[in-house]
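The values are calculated or read from the model by the stated rules, or taken from the named source; none is laboratory data. Model, not experiment: these values are computed from the prediction. Glycine gets a Cβ as well: all are built from the backbone with ideal geometry, and neighbour counts include every protein chain shown.
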Amino acid sequence: SSRAAGSEEPAAIAMSAATKLAAFWNHPAGPKTIHFWAPTFKWGLVAAGLADINRPVEKVSFNQQCALSATGIIWCRYATQIIPINYNLMSVNFFVALTGLYQLGRKQGLVGDIEFAKKK
C-alpha cells in the first residue's frame, strides 16, 4: 500500500516526540535543574501583578512596583547573556517587568484602569 507524501508512521511520530521530550528533559535548563523551576515558580509574581490590575491605585505600592520592574528588566537581560540562553527565565522576567511598569503607569496616571465587563 502506498502512503500520501509527507505522512509519517505512528511509530515515527512517537519516536520523534520521545526524542524531543528527552532533549527537553536533559537540557541544561530543563526540569532536572533549578534553572527551570525557579523561573517557573516566578510566574506566580506575574499572576499576582495581573490580579492587582483591579486593585485601587492608592493601594498599589510604588516602591514594590519599581523593584519588580527593575529586577524584571535586569534578569530579562541576564537570561539572554548566559549559556545556554534560558528562555523561561527571560519570558517570566519580561512579564514581571511589564506588569510592574503597567502598575507604575497607573500610579502616575499615565495609564487608565482596565475596566472588565461587570454584570449589573
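Computed quantities for the displayed model
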| item | result |
| --- | --- |
| Qualifying position, being surrounded by 13 or more Cβ atoms within 10 Å (Cβ to Cβ) and modelled with pLDDT under 90, among Val60, Val46, Val96, Val111 | Val111 |
| Scan of the stretch 47-70 for residues that are of a type in the set (S, T, N, Q) and under 15 Å from the mean Cα position of the chain (by Cα), ordered by number | Ser69 |
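Residues are listed down the side, and each one gets a yes or a no for (1) surrounded by 12 or more Cβ atoms within 10 Å (Cβ to Cβ); (2) part of a helix (DSSP H, G or I); (3) at pLDDT 90 or above:
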site: Pro28; (1), (2), (3): yes, no, no
site: His35; (1), (2), (3): yes, yes, no
site: Ala51; (1), (2), (3): no, yes, yes
site: Ala67; (1), (2), (3): yes, yes, yes
site: Thr71; (1), (2), (3): yes, yes, yes
site: Asn88; (1), (2), (3): yes, yes, yes
